[in-house]
Amino acid sequence: MRKDKLDFGITIYVERHGSTHLPTYTVLLDDTVIESKHIPDVKSNDNFMVYFSTELDQGPHTISVKYDNPLSKGLIRIDNIYAGTAAGGFNCDSLVKSESSSKTNMLRNTGIYQFNFTSPFFYWALSRYPI
Amino acid sequence: MYDNMLSMGKDQWIKFSLNRSYENPYPEKEMEVYLRPKQASAVVDWKTAARHVAEDIHASYDNLYVAMSGGIDSEFVAQSFFDLGIPFKPIIFRVGELNELDIWWAFKWCKDNNIEPVIVDATIEEWVTRLSSVSRKYCGRFGAGPGTMSFVNDYVIAHGGNLVTGAGFIEYFPDENLDYMTTRYKDSSMHNADGTPKQGYLMHEPDLLQQLSYPTMPFNFLSWTPEIVLSYVYHRDMTIDSAANKAKIMNCLPRPKNIGAPNCFFMLHPRARKWVGIKNNIGTAECAYLGTREELLNVLTNGVGNA
């Protein structure tokens with residue numbers, strides 16, 4: 001079965017948390033950890049970008065962002081997921097909430113955001129257009 | 001194999017299938033078109049072949065409308081009916097001011113021939129919505145052509161008419177007009193496995209979508225009969241490009257053509273841009289390969305019988 005070759009870029013908005021206890025975000029594709037990172041305190045609100053390339057089997061998939069912040073006050077918000085190939089791509093910003101299993105893109109304390117889609121990705125996106 | 005396929009043209013002589021779908025996103029051939037004339041055709045001059053088509057359509061369909069985009073193809077169709085005194089109404093689609101440079105030629109032809117055209121208007125937003133919805137319905141890489149034609153077809157249906165167009169024309173590749181199939185993307189139907197371009201004729205996805213969407217319309221004047229296709233293939237001067245060939249064979253002035261909207265529009269309009277970012281990743285072909293010049297001449301001059 002042909003694989004779906006894709007590049008993803010995830011924009012995570014990070015609010016200043018003002019704590020020495022560093023919260024963590026973890027990005028997963030299905031059950032595979034793509035990136036896990038401590039979030040340093042930022043002087044002002046900031047955007048973190050996570051990029052990865054993948055080859056997906058046809059069928060349902062999930063991009064997850066976990067936020068682990070038991071002590072400090074900060075929050076993160078998943079603002080956009082860009083999906084692209086050499087032929088181009090598009091910002092899924094308008095899909096970010098609607099395709100979330102919890103229908104929210106904002107995480108506080110210990111939470112998880114899940115973006116559900118079906119591969120081939122762009123056929124799935126076309127079936128939802130206008131988006 | 002051909003019996004279960006879709007068809008177009010007089011006596012359903014062109015067979016086709018659209019194989020790309022949500023259920024089958026990666027078919028071996030995304031679309032197929034086969035010329036299947038039962039009888040052999042003789043080479044006749046282009047004007048004779050066009051007269052036969054006009055008379056045949058006039059005999060079988062009433063209340064004719066001719067969609068005029070401002071291009072040579074549709075102008076020639078209108079001129080063919082006009083010269084024979086066959087009644088028809090020119091119909092011009094106007095989308096805001098996007099296609100004004102194209103349709104200027106259509107208005108000019110109507111004015112020169114003292115015929116009042118029907119004008120179908122749509123806003124740019126309505127047009128973008130329509131083209132993207134057609135693309136979504138059929139997993140199409142093309143939107144502008146089928147979207148535009150859906151407005152025109154809907155008008156004609158509402159007025160009990162039959163639509164004839166300059167669409168459905170088979171094109172020769174490689175050609176300057178079709179360079180985008182190599183430069184903007186590499187059309188998988190028109191390139192060999194080693195990346196070199198095939199040499200031969202093709203039919204575009206929008207023509208198949210139009211036939212699929214409006215199967216009762218005799219839209220494809222320029223491929224209505226095997227005879228007119230044979231006449232073009234035979235008379236096309238292989239030393240000059242298709243634009244020059246059309247101007248020469250159809251006896252129309254050469255002209256620039258945007259086909260509705262310039263490419264920059266699709267980069268600047270937010271919803272259109274988003275659609276382009278998606279549809280560019282849907283499939284790898286925007287046409288079906290028909291065969292070389294020699295292969296087409298062979299099948300058209302011999303026919304395939306009842307095979």
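The values are calculated or read from the model by the stated rules, or taken from the named source; none is laboratory data. None of these values were measured; they are calculated from a predicted model. Every residue, glycine as well, gets a Cβ built from its backbone with ideal geometry; the counts of neighbours run over all protein chains shown.
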Select from segment B:166-177 the residues that are within 25 Å of A:G88 (Cβ to Cβ) and either buried (at least 21 other Cβ atoms within 10 Å of the Cβ) or small (G, A, S) (or both) and list them in ascending order. B:F173
Conditions (1) hydroxyl-bearing (S, T, Y); (2) in a helix (DSSP H, G or I); (3) within 24 Å of B:M8 (Cβ to Cβ); (4) touching a residue at least 60 places away in the same chain (Cβ under 8 Å) -> B:S133 fails only (4)
Residues being in a loop (DSSP other than H, G, I, E, B) and either touching a Phe, Trp or Tyr at 6+ places or on another chain (Cβ under 7 Å) or not charged (D, E, K, R) (or both): count how many of those fall in segment A:101-111. 5
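So if I check each of A:G89, A:G74, A:G84, which one is more than 11 Å from the chain's Cα centre (by Cα) and under 15 Å from A:T24 (Cβ atoms)?
It is A:G74.
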Consider segment B:96-130. How many of its residues are not aromatic (F, W, Y) and not in a loop (DSSP other than H, G, I, E, B)? 20
Just checking, how many residues over segment B:189-211 are under 26 Å from B:D237 (Cα atoms) and surrounded by 11 or more Cβ atoms within 10 Å (Cβ to Cβ)? 14
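Using the structure shown, decide if B:S231 is within 16 Å of the chain's Cα centre (by Cα), more than 14 Å from every other protein chain (Cβ to nearest Cβ) and either polar (S, T, N, Q) or surrounded by fewer than 21 Cβ atoms within 10 Å (Cβ to Cβ) (or both).
No: the conditions fail for B:S231.
Here's the yes/no breakdown for (1) at pLDDT 95 or above; (2) charged (D, E, K, R); (3) at positive phi:
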| site | (1), (2), (3) |
| --- | --- |
| A:K73 | no, yes, no |
| A:R77 | yes, yes, no |
| A:G84 | yes, no, no |
| A:N116 | yes, no, no |
| A:P120 | yes, no, no |
| A:A125 | yes, no, no |
| A:Y129 | no, no, no |
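Would you mention how many residues in segment B:277-306 are in a loop (DSSP other than H, G, I, E, B) and free of Cβ contacts under 8 Å to residues at least 60 places away in the same chain?
Result for segment B:277-306: 1.
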Selected residue (only one of A:F8, A:F52 is away from every other protein chain (no Cβ under 14 Å) and in contact (Cβ under 8 Å) with a residue 40 or more places away in the chain): A:F52
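For segment B:119-126, check the following and say yes or no: at least one residue is surrounded by 24 or more Cβ atoms within 10 Å (Cβ to Cβ) and not polar (S, T, N, Q).
No, segment B:119-126 has no match at all.
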Filter segment B:270-307 down to the residues that are away from every other protein chain (no Cβ under 14 Å) and β-branched (V, I, T) and list them by number. B:T292, B:V299, B:T301, B:V304
Residue that is surrounded by the most Cβ atoms within 10 Å (Cβ to Cβ), among those in segment A:105-127 that are touching a Lys or Arg at 6+ places or on another chain (Cβ under 7 Å) and more than 9 Å from chain B (Cβ to nearest Cβ): A:N105
B:R236 being at pLDDT below 95 and more than 14 Å from the chain's Cα centre (by Cα): no
Selection from segment A:87-100 of residues that are assigned to a strand (DSSP E or B) and either more than 9 Å from every other protein chain (Cβ to nearest Cβ) or among the hydrophobic types (A, V, I, L, M, F, W, C) (or both): A:F90, A:S100
At pLDDT 95 or above and surrounded by fewer than 15 Cβ atoms within 10 Å (Cβ to Cβ): which single residue out of B:N281, B:N251, B:N245, B:N220 fits that description? B:N251
I'd like the residue in segment A:92-129 that is among the aromatic types (F, W, Y) and over 13 Å from the mean Cα position of the chain (by Cα) and, out of all such residues, is nearest to A:H17 (Cα to Cα). A:F121
Restricting the search to segment A:112-124, which residues are under 22 Å from B:K137 (Cα atoms), in a strand (DSSP E or B) and hydrophobic (A, V, I, L, M, F, W, C)? A:F117
Please go through segment A:54-86 and pick out each residue that is among the small types (G, A, S), surrounded by 16 or more Cβ atoms within 10 Å (Cβ to Cβ) and in a loop (DSSP other than H, G, I, E, B). A:S72, A:G74
